[in-house]
There are 2 protein chains.
Amino acid sequence: MNEAVVLTPERILEATEDVLRRYGLTKATVVDVARALDVSHGSVYRHFPSKASLRDAVAKRWLDRANEPLCKIAAGSGPAPERLEKWLRTAFSIKQKKVCDDPEMFATYLALAQGAREVVEAYKDKQVDLIAKILSDGVAQGVFEMDDVKATARAVFDATVRYHHPAHAEEWAKPECPSRIDALIALLLRGVRVCKH
Amino acid sequence: MNEAVVLTPERILEATEDVLRRYGLTKATVVDVARALDVSHGSVYRHFPSKASLRDAVAKRWLDRANEPLCKIAAGSGPAPERLEKWLRTAFSIKQKKVCDDPEMFATYLALAQGAREVVEAYKDKQVDLIAKILSDGVAQGVFEMDDVKATARAVFDATVRYHHPAHAEEWAKPECPSRIDALIALLLRGVRVCKH
DNA sequence: TCGCTGACAGATTTCAATATCTGTCAGACA
DNA sequence: TGTCTGACAGATATTGAAATCTGTCAGCGA
């Protein structure tokens with residue numbers, strides 16, 4: 001038995017991502033995936049119980065990859081305000097880059113986000129936890145001040161939907177966008193900082 | 001000539017709103033509107049150059065009506081922080097009420113908002129101006145403090161998209177929504193207030 | 001035994017023929 | 001004269017039959 005042609009979930013995910021990229025979410029079928037792997041489509045169902053689960057698994061991989069730099073920033077050290085700003089700007093630019101470079105995958109993600117799929121909910125929760133990490137670091141450093149770190153992290157996340165939710169992606173290319181982001185970040189930072197004297 | 005049956009733009013708008021409510025944006029046609037008014041569809045084109053302009057005019061009326069209470073709050077007097085909070089909460093509850101009571105019109109508005117139509121852009125600009133009015137009142141009262149009132153107003157507007165953009169309407173019914181709104185408003189108010197001593 | 005195939009039922013999508021709609025305009029009618 | 005009609009061309013939407021897809025499973029071959 002040739003090791004290279006064993007059908008693994010990993011190989012299926014790889015092929016599915018290719019197929020999604022090539023055909024787009026609406027056109028891609030499980031049959032296409034099977035054809036790309038040169039197996040019957042029944043075999044794919046041996047590893048993933050449904051097309052939806054396959055789609056979700058691909059999205060999860062994609063989101064986890066996109067999330068990695070943000071985890072690094074949250075886990076890092078240094079002054080919390082700078083890290084929060086960096087985190088937000090990185091989050092925005094990752095999304096913005098994706099929408100340009102990988103539009104079909106982004107459309108997939110948009111469809112998922114609008115369907116309020118579990119994968120996306122989990123991903124959002126993870127994002128909020130990362131923000132909370134930075135905020136609590138800031139509190140420990142004496143530069144931030146707030147009643148409820150978790151709730152404030154959610155609020156920061158909510159306040160920035162416009163720049164990370166794919167439903168607003170068309171707006172990201174507009175020329176006034178960077179200055180609006182600047183104003184928003186400034187407002188949010190002011191909202192969490194301790195009062196200066 | 002009977003005054004009651006003269007075909008005016010106003011009557012056409014009235015009928016169009018009814019038709020939109022009854023059939024929804026995707027199904028409603030100019031022929032339906034003409035039928036409701038018992039005239040030929042050609043007559044409608046005498047008052048509105050296209051179906052899109054008719055749709056936009058209806059949306060404008062609808063938006064203006066929805067906007068009225070917000071204008072009152074912005075134009076009023078009293079402490080700016082309370083007014084800002086009231087303004088935001090009113091804006092959210094108007095939208096929330098509309099999505100329940102008038103779902104077809106709301107779907108129309110969603111389609112318009114996603115098409116980035118001019119009416120909606122104008123409406124958003126108006127909203128930002130109202131926020132700016134409250135913010136500059138607050139600065140005059142010595143309770144708010146910011147570099148650029150207009151930019152901050154935009155930032156407040158942007159920060160609250162999640163609760164006024166129709167793309168997020170499904171989220172508004174969730175049980176955790178009110179507490180998330182509370183946290184967001186608290187964060188934004190902290191962001192514009194002068195530092196306490 | 002274990003992983004894969006291929007045929008199958010029911011659901012969904014495609015496609016092309018048909019019907020309806022949008023926007024225009026010459027002419028009726030008051 | 002000014003308002004409205006109704007017929008029209010081209011664009012768009014609907015429809016139903018045929019094709020394809022999803023998900024299952026009995027059985028094949030290693």
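The values are calculated or read from the model by the stated rules, or taken from the named source; none is laboratory data. None of the values given here were measured: they were computed from a predicted structure. Counting neighbours? That spans all protein chains shown, and the Cβs are built from the backbone with ideal geometry, glycine included. These accessible areas exclude ligands, DNA and RNA; they are computed on the full protein's heavy atoms, side chains included. Shrake-Rupley method; radii C 1.70, N 1.55, O 1.52, S 1.80 Å.
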Problem set entry | Angle in degrees between helix A:80-101 and the longest Cα principal axis of chain A, rounded to the nearest 10 | 30 degrees
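Send over a whole-number figure in Å² for the accessible area per residue of segment A:48-195, probe 1.4 Å.
On the way: 6200 Å² over 148 residues.
Accessible surface, normalised per residue, equals 42 Å².
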Problem set entry | Helix A:9-23 vs. chain A, principal-axis angle (Cα, 0 to 90°, nearest 10) | 80 degrees
Exercise. Between copies, how close do the residue A:52 label points come, placed 7 Å along Cα→Cβ, listed in nm from shortest?
Worked result: 3.7
For this session: Apply the Debye scattering formula to the protein assembly as shown, with a single equal point scatterer on each alpha-carbon and no solvent, then give log10 I(q)/I(0) at q = 0.08, 0.09, 0.13 Å⁻¹.
Result: -0.54, -0.66, -1.13
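How much FRET efficiency would the formula 1/(1 + (r/R0)^6) give for residue B:89 and residue A:174, where r is the Cβ-Cβ distance and R0 is 35 Å, rounded to 0.05? Can you show the working numbers first?
Numbers: r = 29 Å, r/R0 = 0.82.
In this case the efficiency is close to 0.75.
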Exercise. How far apart are the residue B:38 label points across copies, placing each 7 Å from Cα toward Cβ, in nm, shortest first?
Worked result: 7.4
Exercise. Build a GNM of chain B with springs between Cα atoms under 10 Å: which of B:141, B:96, B:127 gets the top mean-square fluctuation?
Worked result: B:141
Seminar exercise, completed: Across 5 Å bins beginning at 0, the whole-percent shares of Cα-Cα pair distances in segment A:56-192 come to 2, 10, 20, 23, 20, 14, 8, 3, 0
Seminar exercise, completed: chain A, Gaussian network, Cα under 10 Å: of A:82, A:176, A:14, the residue fluctuating most is A:176
For this session: Using amide H atoms built 1.01 Å from N in the peptide plane, name the residues 5+ places from residue B:194, or on other chains, whose amide H lies under 5 Å from its own.
Result: B:144, B:145
Exercise. If you check each cysteine of chain B for another cysteine whose beta-carbon is under 4.7 Å away, which ones come up empty?
Worked result: B:71, B:100, B:177
Problem set entry | Of A:147, A:182, A:56, the one that fluctuates the most in a GNM where chain A has Cα springs shorter than 10 Å | A:147
Problem set entry | Nearest-0.05 FRET efficiency for residue A:26 and residue A:126, computed from C-beta distance (R0 35 Å) | 0.80
Problem set entry | Helical mean residue ellipticity (222 nm; -39500 (n - 2.57) per DSSP H run of 4+; nearest 500) of chain B | -23500 deg cm²/dmol
Problem set entry | Value in Å of the Kirkwood radius, where segment B:3-47 supplies the Cα pairs that are averaged | 10.4 Å
Exercise. Using protein heavy atoms only (no ligands, DNA or RNA), what is the total accessible area buried between B and A, 1.4 Å probe, nearest 100 Å²?
Worked result: 2600 Å²
Exercise. Rounded to the nearest 0.05, what FRET efficiency is calculated for residue B:53 and residue A:6 with R0 set to 51 Å and r the Cβ-Cβ distance?
Worked result: 0.25
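Hey, if we sort B:77, B:93, B:53 by accessible area with the 1.4 Å probe, largest down, what's the order? Don't jump to the answer; show the numbers that get you there.
Numbers: B:77 105, B:93 60, B:53 35 Å².
The most accessible residue leads, giving B:77, B:93, B:53.
In the structure displayed, which of A:97/B:95; A:98/A:133; A:98/A:126; A:95/B:72 lie more than 27 Å apart, Cα to Cα? Walk me through the numbers on the way to the answer.
Details: A:97/B:95 32 Å; A:98/A:133 25 Å; A:98/A:126 19 Å; A:95/B:72 38 Å.
Correct reply: A:97/B:95; A:95/B:72.
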Seminar exercise, completed: Here the convex hull volume per residue of segment A:18-110, taken over Cα atoms and given in Å³, is 102 Å³
Seminar exercise, completed: From highest to lowest solvent-accessible area (probe 1.4 Å; ligands, DNA and RNA excluded), B:133, A:72 read A:72, B:133
